[in-house]
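**Student:** Sharing a structure with you now.
The values are calculated or read from the model by the stated rules, or taken from the named source; none is laboratory data. The structure displayed is predicted, hence computed values, not measured ones. Quick reminder, even Gly has a Cβ in these numbers, built from the backbone with ideal geometry, and neighbours come from all protein chains shown. Side chains are part of the model used for accessible areas, which takes the heavy atoms of the whole protein and leaves out ligands, DNA and RNA. Shrake-Rupley method; radii C 1.70, N 1.55, O 1.52, S 1.80 Å.
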Amino acid sequence: MAQRTHYTSQVMPEDAEKQVTVAGWVHKLRDLGKLKFIVLRDREGQIQITLKKGVTDDALIAVANSLREEDVISVEGTVKPTKIAPKGRELVPLRIEVLSKIVQAVPVSVSGNIESNLDTRLDFRVLDLRRPEVMAIFKVQSKLIEGFQSYLASEGFRQVFTPCLMGAASESGAEVFPVVYFNKSAFLRQDPQLHRQLAVISGMDRIYDLGPSWRAELSHTPRHLCEHRGCAVEMGFIKDEQDVMRVEEALVQSGLRKVKEECKEELEALGKQVEVPATPFPELKFPEVYEILAEMGKKVEFGEDYDREGEALLSKYVKEKHKSEFFFVNRFPFKAKPFYVMRVDDEPAWARSVDMIFKGLELSSGGQRENRYGKIMDQVKEKGLSPVGVQWFTESFKYGAPTHGGFNIGIERITMQLLDLANIKEAVLFPRTPDRLLP
């Protein structure tokens, strides 16, 4: 028989008397004497298989008696509507094929009977990912990205793939992973931004890249990863950073709307509700940020960036004043930003640099880039960088570069904040941190 004709979510009460084949893992087993139940789980949900002694073939009863939780089976059966089974339907089996049997008891609970700590769950991540509430996280994440991509496609953005290997560190010599590249040194990228900029000034105008970046930070916090993924967007012929902000907030709206519309069961399993935020998002600017923080009891020196405490206080301020979980912070101090950002010409202490914050955590950095060759070379020198070291990037600006800007929104971070996860590692299939490189 075919191992599967339907996922569990495709079997409906109105399919009564129809024969279907489902396949997956034995999630739970229950024996009530004359009745035996197998709950089968696949990626789409669960379905109950009901066997009745004296009615069901004895050979099928014997197979059912041999099963253990997490055995892999395929079941061909007849759909029966019922008020007591999940989703109002069950299968009466005609055949049960055992595809794979466990060889030892599972070390972490998949059915949720016993809770394990996060480190243990990550040690046995394949089993942990089988838990319906954990699988729900990645269905939400997938739909979030689908929503991003559908918006970007509708606005004429093309998906591109930029290099992950760099001949020079993209921002500085710190926080990078060196790799051996034949007979020379290379680095894993910290961000795909510089190549995105080159793509835009080549004439592509509107592009985005979905992919990983790496930072060699010895950070042991619930919000840091050594390998993370982003939706990195770049666009040309902008008026200023406001154009970038309008795209980013519309992208967020599209992603959250997709989740709200297509992840109802997953959100229910996680006990979460998603609200699509109104636009435009509130915007705070330096130097007014200093005044806001001072009123809230936080002193930050003029010309300096704020810290995590400041970020949390600004989030509290925006939520109370604007009733919004999302907001932008704009015009950061230039001295705290890389050489490629554009300064405000008539206020050069400030940069056209924008962070987007959600529920107290920065999700993205972006803004307008400097497109004028003379200006960018002045900023290279001001930041103490070698002009030769960044020539591979700056050289192209000699030949006509339009105004441009963009952002890179962290996929794991927005997933974590959207679902109120306690640790960003829960939003990654197989997280990479200073202490974890396996599985």
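**Student:** Starting from the 7 Å offset along Cα-to-Cβ, what nm value, one decimal, do you get for the label separation of K359 and Q273?
**Tutor:** Reported label-point gap for K359 and Q273 is 1.5 nm.
**Student:** Just how large is the dipole of region 19-72 about the Cα centre, in debye to the nearest 20, putting +1 at every Lys and Arg Cβ and -1 at every Asp and Glu Cβ?
**Tutor:** On the way: 9 positive and 8 negative charges, 50 e Å.
It comes to approximately 240 debye.
**Student:** So, with +1 on the Cβ of K and R and -1 on the Cβ of D and E, and no other charges, what is the size of the charge dipole of region 227-278 about its Cα centre, to the nearest 20 debye? Intermediate results must be reported in sequence, preceding the final value.
**Tutor:** On the way: 8 positive and 13 negative charges, 26 e Å.
Dipole magnitude for region 227-278 comes out near 120 debye.
**Student:** How many percent of all Cα-Cα pairs in region 294-439 sit more than 23 Å apart?
**Tutor:** Details: 5312 of 10585 pairs.
Here the long-distance tail beyond 23 Å is 50 percent of all Cα pairs in region 294-439.
**Student:** Let me ask something else. Please report the accessible area of K316 (heavy atoms, 1.4 Å probe, ligands and nucleic acids excluded) in Å², nearest 10.
**Tutor:** In the full protein context, K316 sits at about 110 Å².
**Student:** OK, next. Is there a pair in K184/K398; K260/K298; K299/K337 whose C-alpha atoms are over 25 Å apart, and which pairs would that be? Don't skip to the end; give the middle numbers.
**Tutor:** Working: K184/K398 29 Å; K260/K298 36 Å; K299/K337 21 Å.
Check vs 25 Å cut-off fails for K184/K398; K260/K298.
**Student:** Let me ask something else about it. Give me the extension gain from E97 to Y373: residue separation times 0.36 nm, minus the current Cα-Cα distance, reported in nm with one decimal. Intermediate results must be reported in sequence, preceding the final value.
**Tutor:** Working: separation 276, 0.36 × 276 = 99.36 nm, distance 6.79 nm.
Roughly 92.6 nm would be gained on extension.
**Student:** Would you compute, from DSSP H runs of 4+ residues alone, the mean residue ellipticity of the chain at 222 nm, taking -39500 (n - 2.57) per run and dividing by the full residue count, rounded to the nearest 500?
**Tutor:** -8500 deg cm²/dmol
**Student:** If you don't mind, another one. Ignoring ligands, DNA and RNA, what percent of the 1.4 Å accessible area of region 108-233 is carbon and sulfur?
**Tutor:** Details: 3270 of 5880 Å².
Reported share for carbon and sulfur atoms: 56 percent.
**Student:** Does region 253-359 classify as rounded, prolate or oblate by the C-alpha gyration tensor (a ≥ b ≥ c root eigenvalues; a/c under 1.5 gives rounded; else a/b over b/c gives prolate, otherwise oblate)? It would help to have the intermediate numbers written out before the result.
**Tutor:** Values: a/c = 2.81, a/b = 1.87, b/c = 1.50.
Prolate, since a/c reaches 1.5 and a/b exceeds b/c.
**Student:** Which listed residue (V300, C263, T279) has the Cα farthest towards the positive end of the charge dipole for region 214-314, taking +1 on Lys and Arg C-beta and -1 on Asp and Glu C-beta about the Cα centre?
**Tutor:** C263
**Student:** Additional query: What is the distance in Å between the Cα centroid of region 332-394 and that of region 229-303?
**Tutor:** Result: 20 Å between the Cα centres.
**Student:** How much of the DSSP bridge set in the chain is antiparallel, in percent, rounded to the nearest 5?
**Tutor:** Numbers: 75 of 82 bridges.
The antiparallel fraction comes to roughly 90 percent.
**Student:** What FRET efficiency do you get for S185 and R223 if R0 is 30 Å and r is their Cβ-Cβ distance, rounded to the nearest 0.05? Walk me through the numbers before you get to the answer.
**Tutor:** On the way: r = 30 Å, r/R0 = 0.99.
After rounding to 0.05, the efficiency reads 0.50.
**Student:** Evaluate the chain: find the radius of gyration of its Cα atoms, find its Kirkwood radius, and give the ratio Rg to Rh.
**Tutor:** Numbers: Rg = 26.5 Å, Rh = 24.8 Å.
Reported Rg/Rh, Kirkwood definition of Rh: 1.07.
**Student:** Considering only C-alpha atoms, what is the centroid distance from region 75-94 to region 104-159, in Å?
**Tutor:** 27 Å
**Student:** Let me ask something else. Over the chain, with a Gaussian network built from C-alpha contacts below 10 Å, which listed residue (Q104, Q379, Q193) shows the highest mean-square fluctuation?
**Tutor:** Q104
**Student:** Also: In nm, what is the difference between 0.36 nm times the number of residues separating E133 and E382 and their Cα-Cα distance? Display every interim value, and only then the final one.
**Tutor:** Working: separation 249, 0.36 × 249 = 89.64 nm, distance 5.02 nm.
This chain segment gains 84.6 nm when fully extended.
**Student:** Now, a different point. Within straight cross-link reach of K36, meaning Cα distance under 20 Å, which lysines are found once same-chain residues fewer than 8 apart are removed?
**Tutor:** Within the straight-line limit of under 20 Å, K36 reaches these lysines: K28, K52, K53, K80, K83, K87, K101.
**Student:** Could you state, as a whole-number percent, how many of the C-alpha pairs of region 148-237 are farther apart than 21 Å?
**Tutor:** Working: 1568 of 4005 pairs.
Tail fraction, whole percent: 39.
**Student:** First measure r as the distance between the Cβ atoms of Y399 and T82, then evaluate 1/(1 + (r/R0)^6) with R0 = 45 Å and state the FRET efficiency to the nearest 0.05.
**Tutor:** Details: r = 71 Å, r/R0 = 1.57.
So, using R0 = 45 Å, E works out to roughly 0.05.
**Student:** With point charges of +1 on the Cβ of Lys and Arg and -1 on the Cβ of Asp and Glu, referenced to the Cα centre of the chain, which listed residue (L418, Q193, P13) lies farthest in the positive direction of the dipole?
**Tutor:** Of the options given, the answer is P13.
**Student:** Could you order F182, F397 by accessible surface area, starting with the largest, using a probe radius of 1.4 Å? Mind dumping the intermediate values first?
**Tutor:** Values: F182 175, F397 5 Å².
Reading off the accessible areas and sorting them downward yields F182, F397.
**Student:** Which one, T162, L29, I238, projects farthest toward the positive side of the charge dipole computed for the chain from Cβ point charges (K/R +1, D/E -1)?
**Tutor:** L29
**Student:** Continuing with the same structure: How big is the charge dipole of the chain about its Cα centre, in debye rounded to the nearest 20, if each Lys and Arg gets +1 on its Cβ and each Asp and Glu gets -1 on its Cβ? Don't jump to the answer; show the numbers that get you there.
**Tutor:** Working: 62 positive and 65 negative charges, 212 e Å.
Here the chain has a charge dipole of around 1020 debye.
**Student:** Once you place label points 7 Å from the Cα toward the Cβ at T120 and K285, how far apart are they in nm?
**Tutor:** It works out to 5.4 nm between the two label points.
**Student:** Enter the accessible area of S100 (Å², nearest 10), with the probe set to 1.4 Å and all protein chains included.
**Tutor:** Taking all protein chains as shown, S100 has close to 60 Å².
**Student:** Just to be sure I understand: if I project the alpha-carbon convex hull of region 1-104 onto a plane and average over all orientations, what area do I get in nm²? Each step should come with its number before you reach the end.
**Tutor:** On the way: hull surface 24.6 nm².
One quarter of the hull surface, i.e. the mean projection, equals 6.1 nm².
**Student:** Could I ask something else about it? Please report the spacing between the Cα centers of region 166-218 and region 24-48 in Å, no decimals.
**Tutor:** 48 Å
**Student:** Which semi-axes, in whole Å and largest first, does the equivalent ellipsoid of region 39-171 have when worked out from the alpha carbon gyration tensor as the square roots of 5 times its eigenvalues? It would help to have the intermediate numbers written out before the result.
**Tutor:** Working: eigenvalues 331, 95, 39 Å².
The answer is 41, 22, 14 Å, longest axis first.
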